[in-house]
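Chemist: Once you've had a glance at the structure underneath, I'll fire off some questions.
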């Protein structure tokens, strides 16, 4: 069972909660409903944040959330949201005792000290990840999440200012796993270990799951699309906004004639960005350079897991997030990772009739994975809450 970092879920009288993903570059909201089959998307909205700023002014973000709610036909005020990556601290830890009560007593004191948190106010939660061998001993591997009380309160205050009720707040790794688990229900999915990778704007999140039943490992890597943009901007002597537009144009041109089995269609506008051949070469080389750095970090996660859980090696990696639209990045990943690569389609089993999704329904829409996972938190129709 996933222990959400903050979980105050209430009975919502049949009302499905709104999944709210406040990312670094965009804000996504989605609400699901039961239609007697696989379910449907009742409402969805996406807005882009100012790319040149690390975060929107609180008042502007509140206004954006209110507009999204009214304009897109959402119902109810209960929201399930994820904490910003920058607010979340996480690590893996090995302890001797696996007893539930004694495990908490073993984990929390050490983590408060390691993260410099206040044991009276700040929050630490954890996921038991399984028994592992260390020398001649068997120990309990634990995935630990920690967050400051102030960050939680600030997040709740933001939601309340926007008119929402914070039904639950959790790490995005948990919502990613929930979405991935729903999307991959094939018989052989329960017979193998999978690694889920979300290629986000500021962070890449790696989540391991053994046989699709539990989270065994989580890692946040501080490399995302913003690093690609900033490195390109530095190389070309332009600002990051222009670098982003040029990189998007490069993505679109690379997708012309590309196969659809491995790559998704790109649904972003270029807004008139142009580049010469010299700039194209510089961008391509720069993107590959950063992609190699990211692959090196992901590979370190693979090695750690292989050493820790020796009998459960991953044979495939399932990718989500806006990074799947970058063919250069995906090419590096496909060549360098010694596993099969698949892309998640978080909305593939849902009726999306009448929902715009930013004007593009052709692609895999994998950037919606976190939001969908959040919206699924109380939707027993789609996943079992006894297991999630």
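Chemist: Pull out the extension gain between residue 284 and residue 339, defined as 0.36 nm times the separation in residues minus the alpha carbon to alpha carbon distance; nm, one decimal.
Modeler: That works out to 17.4 nm of additional length.
Chemist: Obtain the nm distance between the two label points defined at residue 192 and residue 63 by a simple spin-label model: each point lies 7 Å from its Cα along the Cα-to-C-beta direction.
Modeler: In this crude label model, residue 192 to residue 63 measures out at 5.0 nm.
Chemist: How do 334-341, 288-295 rank on mean C-beta neighbours within 10 Å, highest first?
Modeler: Ranked by mean Cβ neighbours within 10 Å, highest first: 288-295, 334-341.
Chemist: Take 145, 115, 74 and order them by how many other Cβ atoms sit within 10 Å, fewest up front.
Modeler: 115, 74, 145
Chemist: Label points 7 Å out from Cα along the Cβ direction at residue 331 and residue 235: separation in nm?
Modeler: Label-label distance for residue 331 and residue 235, simple model: 1.2 nm.
Only the coordinates and a few stated rules stand behind these numbers; no lab work does. Remember, it's a predicted structure, so these values are computed and weren't measured experimentally. Virtual Cβ from ideal backbone geometry, glycine too; neighbours counted across all protein chains shown.
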